[in-house]
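I have placed the structure first, in the form of structure tokens, so that the comments after it can refer back to it.
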Amino acid sequence: MSGDLAARQAELVAALVAGGPLPPGFAPAPVEAARRALLRKRAGDVARHWPLLAAGLGAAWPTVFTDWADRRPTNGSLRDGWDLARELRDRGTLPPLGAEELAGREAAGRYDGRTAPRPRRLPALARTGGAVAVQLAGRVRLLRPAPR
Amino acid sequence: MVANVRLAQAELPVPLALEPIAALFDWPDDELDEADFLTEILDATGALLLLDVANVHANARNRGDDPTALLDRLPLERIAYVHVAGGAEAGGFYHDTHTDPVPAEVLDLVRELCGRRRPPALLLERDGHYPPAAELRGELDALSTASGHPAVT
């Protein structure tokens, strides 16, 4: 593959998943349709990693996720879901199921928002949106469900 | 790409089959159309063809081409087996979602393909939004009927 072709392919990928400009010559509407389709695929994959978060949002999930993920390149589905759940918590729109899932994840792992989450070695308690989860020796238990 | 296929073939104890994708857009200055591209890469590598009939439908629908014209130009004798999947229209495009029912147009295309040359086997792809078992069995039966293969349900 010539270097030129590789560079053009990289531009296309950037346009599809990283908010890059449309490279010359491509039809805008079909590329935009592909970009939206990839966002929906991401929504499905993040929902598999964060099933309660997605279930809590129900029919709104694809829209909530794609609005958030648009122009935001993926950091992997685990981190994407974690970042979104924290943002919804801060906005006060995290549903109870999502709060419980986030509390469990925060109790189980340490995530700085910039690098891959790591399992906690010590026991931990996490509170999120009224939900309280505890982790002991890697096992997570929900102590208090989020208020409905 | 041919070099990559040969590399995989050299390491694999089984024959390799290549599957053309469903694409919503084309490369602006492409030199080969889909049939020429596939024929050339299959000739150059000796690989088999994994034909996805739903992708053939999606590409033809989104490009405004005739899907049966593509079937007429592909080396059907090189087909290892066939994928069939569902999809949905959205925003003026057909999306190969694998989470929707198999549309009648795709079943028609299975019939067209099997009328020309029946492939050894077909596989129904479904990746989510699973319907009740009876509906899924119905899709498999429709596939058997369209292809002329015995029912598997």
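The values are calculated or read from the model by the stated rules, or taken from the named source; none is laboratory data. Computed from a predicted structure; not experimentally measured. Positions of Cβ are generated from backbone atoms using ideal geometry, with glycine treated the same way; all protein chains shown enter the neighbour counts. Note: accessible area is taken over every heavy atom of the protein model, side chains too, but ligands, DNA and RNA are not part of it. Shrake-Rupley method; radii C 1.70, N 1.55, O 1.52, S 1.80 Å.
Checking each residue in the range A:121-148 for being buried (at least 17 other Cβ atoms within 10 Å of the Cβ) and closer than 17 Å to A:TRP82 by Cα picks out A:ALA126, A:THR128, A:GLY129, A:ALA131, A:VAL132, A:ALA133, A:VAL140. Would it be correct to say that B:LEU24 is touching a Leu at 6+ places or on another chain (Cβ under 8 Å), among the aliphatic types (A, V, I, L, M) and under 30 Å from B:GLU105 (Cα atoms)? No. Being more than 14 Å from chain A (Cβ to nearest Cβ), within 24 Å of A:ASP45 (Cβ to Cβ) and outside any helix (DSSP H, G or I) is the requirement here; does B:PRO119 meet it? No; evaluated as a whole, the condition is false for this residue.
Scanning the range B:1-51 for residues that are among the β-branched types (Val, Ile, Thr) and open to solvent by 80 Å² or more (accessible area, probe 1.4 Å) yields a total of 2.
Can you name every residue in the range B:61-74 that is surrounded by 15 or more Cβ atoms within 10 Å (Cβ to Cβ) and away from chain A (no Cβ under 14 Å)? Hits for the range B:61-74 are B:PRO67, B:THR68, B:LEU70, B:LEU71, B:LEU74. For the range B:3-49, filtered to residues that are within 11 Å of chain A (Cβ to nearest Cβ) and in a helix (DSSP H, G or I), the residue that is nearest to B:GLU125 (Cα to Cα) is B:ASN4. For the range B:77-92, the candidate set comprises residues that are buried (at least 21 other Cβ atoms within 10 Å of the Cβ) and out of contact with any Phe, Trp or Tyr (no Cβ under 8 Å at 6 or more places or on another chain); within that set, the residue that is nearest to B:ARG116 (Cα to Cα) is B:VAL82. For the range A:13-45, filtered to residues that are among the aliphatic types (A, V, I, L, M), outside any helix (DSSP H, G or I) and more than 9 Å from every other protein chain (Cβ to nearest Cβ), the residue that is least open to solvent (accessible area, probe 1.4 Å) is A:ALA18. For A:ALA47, indicate whether it is in contact with a helix residue (DSSP H, G or I) (Cβ under 7 Å, 6 or more places away or on another chain), of a type in the set (Gly, Ala, Ser) and closer than 25 Å to B:THR99 by Cβ. So A:ALA47 passes the test.
With respect to the conditions (1) within 11 Å of another protein chain (Cβ to nearest Cβ); (2) within 24 Å of A:GLN9 (Cα to Cα); (3) not in a helix (DSSP H, G or I), B:THR99 lacks only one, and its number is (2). Candidates in the range A:48-90 are the residues that are of a type in the set (Asp, Glu) and under 20 Å from A:GLY129 (Cα atoms); of these, the one that is surrounded by the fewest Cβ atoms within 10 Å (Cβ to Cβ) is A:ASP90.
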